[in-house]
Amino acid sequence: MKEFLIIPNGEKDPGYEMTKKIQAYLKEKGATARVFAEEGKVTPDIAGAAEAILVLGGDGTMLRAARATRSLDIPLLGINMGTLGYLAEIEKSQVEYALDMLVSDNFTTEARLMLRGESGGKIYHALNDVAIVRRGSMQMVSFQITVNGQILTTYYADGVLIASPTGSTGYNLSAGGPIVEPSAEILLLTPICPHSMHARSILLSKDDVIQVKILEGRRDRTSEAEACFDGADRVILGVGDEIEIRRSHRTTDIIKLSKKSFLEVLHKKLNQ
């Protein structure tokens, strides 16, 4: 590899010191790297001839980069500038080693399933999850869950989470959902603070299509919810509104350099 794009997090890389260091090191190796430090979609013109995208920050920055570059089919490498992450696996002390591996084409990639949401004719994407949660009032909301056109269940809860395997260690884990190996090809459906002892997470096929509909609240109270894609794009839903979520035809390709397995990283994370 000789051409790179860097997406930094300005808060975690003050003065873009690490960004400049990476550019200088790559120049010594006969490679080049341009920088995209703005919000929004990365177009082919911005990416240029980039063969890999270096993401400086944490898992949140990786999620933003995954959405911004989803149409480019360029693999991402996360360089962790904060606490231990699952997506940003390279530490600051390993940067030169990582760049050497990339320049010499000594790496593998791992395709990660993405989610696609549709509501009101608009399309949204997420790598981790789609969280549909109550909005404003402290009252719980009735969420009707339909899978492939068949009503599955109704959750009376604070919210409903649809997560990818990559997102299983995020909000899904906090909500009591299972941890899933990131290369698995399934969808996770997890209620958030359900008002029932019998409500549990459900694992679905990667090809299933999930519809979440907002029902009238108890005692005819008006319910309102908000769908949030990876903590970013937001959609307001009222009674009768629904959102459809399925696997995206796009994937996020993650560059793998570390010899550590997912289980090793998980062990370290769970024992911090």
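Between S205, S201, which is open to solvent by 50 Å² or more (accessible area, probe 1.4 Å), farther than 25 Å from A68 by Cα and at pLDDT 90 or above?
S205
As an exercise: evaluate K21 against (1) within 22 Å of L257 (Cα to Cα); (2) open to solvent by 30 Å² or more (accessible area, probe 1.4 Å); (3) of a type outside the set (A, V, I, L, M); (4) not in a helix (DSSP H, G or I) and give the number of the one condition it does not meet.
Here K21 meets the rest and fails (4).
Identify, from the list R234, R247, the residue that is basic (K, R), surrounded by fewer than 18 Cβ atoms within 10 Å (Cβ to Cβ), part of a strand (DSSP E or B) and within 19 Å of the chain's Cα centre (by Cα).
R234
Looking for something open to solvent by less than 10 Å² (accessible area, probe 1.4 Å) and β-branched (V, I, T) - is there at least one such residue anywhere in segment 103-114?
no
Look at segment 132-174 and say how many of its residues are open to solvent by less than 30 Å² (accessible area, probe 1.4 Å), under 21 Å from the mean Cα position of the chain (by Cα), among the small types (G, A, S) and over 17 Å from R247 (Cα atoms).
Number satisfying all stated conditions: 2.
How many residues does segment 250-272 hold that are open to solvent by 100 Å² or more (accessible area, probe 1.4 Å) and either of a type in the set (A, V, I, L, M, F, W, C) or in contact with a Lys or Arg (Cβ under 6 Å, 6 or more places away or on another chain) (or both)?
Going through segment 250-272 one residue at a time, the tally reaches 2.
Do the conditions hold for G240, that is, is it without any contact (Cβ under 8 Å) to a residue 60 or more places away in the chain, open to solvent by less than 50 Å² (accessible area, probe 1.4 Å) and either in a loop (DSSP other than H, G, I, E, B) or in contact with a Ser or Thr (Cβ under 6 Å, 6 or more places away or on another chain) (or both)?
Criteria met by G240.
Only one of these conditions is not met by S174: (1) free of Cβ contacts under 8 Å to residues at least 40 places away in the same chain; (2) closer than 25 Å to G149 by Cα; (3) hydroxyl-bearing (S, T, Y). Which number is it?
(2)
Across segment 24-42, which residue is nearest to the chain's Cα centre (by Cα) among those that are open to solvent by 30 Å² or more (accessible area, probe 1.4 Å) and β-branched (V, I, T)?
Going through the qualifying residues, I end up with V35.
Would you check if L187 is surrounded by 18 or more Cβ atoms within 10 Å (Cβ to Cβ) and modelled with pLDDT of 95 or more?
Yes.
The values are calculated or read from the model by the stated rules, or taken from the named source; none is laboratory data. What you see is a predicted model, and the numbers here were worked out from it, not measured in a lab. Note: ideal-geometry Cβ built from the backbone for every residue, glycine included; neighbour counts use all protein chains shown. Surface accessibility is based on the protein's heavy atoms, side chains included, excluding ligands, DNA and RNA. Shrake-Rupley method; radii C 1.70, N 1.55, O 1.52, S 1.80 Å.
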